[in-house]
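Asker: Once you've had a glance at the structure underneath, I'll fire off some questions.
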Amino acid sequence: MTRAEAQKYRAAIETAVQSLDDGTAVEVPTLFPAWEAGTAYESGTKVQYGGTVYTVLQAHTSQEDWTPDAAPSLFAEVLPGQGGSEVGEWVQPDSTNPYMKGDRVTHNGKTWTSDIDNNVWEPGVYGWTADEE
């Protein structure tokens, strides 16, 4: 395979992975395009930075100091268990990346299902139902 062919395949992969649900996206972060400064990003695009997948919240052209982990108004981390495909370990979300109704996580030795959309509460406090064992 030539370098040009490899670049063409990589571009096709990076386009195709944008359609993955969040639950699958967190399992394959290296398939997403790496965040780069000076790049124009559209809202809803997913990128990877430091091995983590982020969703672009608003269209912008990136800058060196606007990395996904440092610019919460521009990027939201995709969390394990979001998107309904896999059960992930619960991570405290921000207001920009809450769990949605039906998302499933593990926390404190139990599996939980979110009962509400925009859930930022810790499982066991509010908005979650523990699975029957």
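Asker: Using unit Cβ charges (K, R positive; D, E negative) and no other charged atoms, how large, in debye to the nearest 20, is the dipole of the chain about its Cα centre?
Answerer: On the way: 7 positive and 21 negative charges, 94 e Å.
The dipole of the chain has a size of about 460 debye.
Asker: Determine the order of K110, K8, K46 by accessible area, beginning with the largest, at a probe radius of 1.4 Å. Write out the running numbers ahead of the final one.
Answerer: Numbers: K110 90, K8 150, K46 20 Å².
So the residues, ranked largest to smallest area, are K8, K110, K46.
Asker: Can you give the angle from 0 to 90° between the axis of helix 3-16 and the longest principal axis of the chain, with both taken from C-alpha atoms, to the nearest 10?
Answerer: 30
Asker: Just the Cα atoms of the chain, one point each, no solvent: what log10 I(q)/I(0) does Debye give at q = 0.11 Å⁻¹?
Answerer: -0.44
Asker: With a 10 Å radius around each residue's Cβ, average the other Cβ atoms per peptide and rank 116-127, 23-34, highest first. Intermediate values should be presented prior to the final figure.
Answerer: Numbers: 116-127: 14.8, 23-34: 16.9.
Order by mean packing, descending: 23-34, 116-127.
Asker: In the full protein assembly as shown, how much of E36 is accessible to a 1.4 Å probe, in Å² to the nearest 10?
Answerer: So the heavy atoms of E36 present about 110 Å² to solvent.
Asker: Additional query: Among T2, L57, F75, pick out the residue whose Cα is farthest towards the positive end of the charge dipole of the stretch 1-118, where Lys and Arg carry +1 and Asp and Glu carry -1 on C-beta, about the Cα centre.
Answerer: T2
The values are calculated or read from the model by the stated rules, or taken from the named source; none is laboratory data. Given the structure is predicted, the values throughout are model-derived calculations rather than measurements. FYI the Cβ positions are ideal-geometry reconstructions off the backbone, even for glycines, and counts take in every protein chain you see. Only protein heavy atoms, including side chains, enter the accessible area calculation; ligands, DNA and RNA are left aside. Shrake-Rupley method; radii C 1.70, N 1.55, O 1.52, S 1.80 Å.
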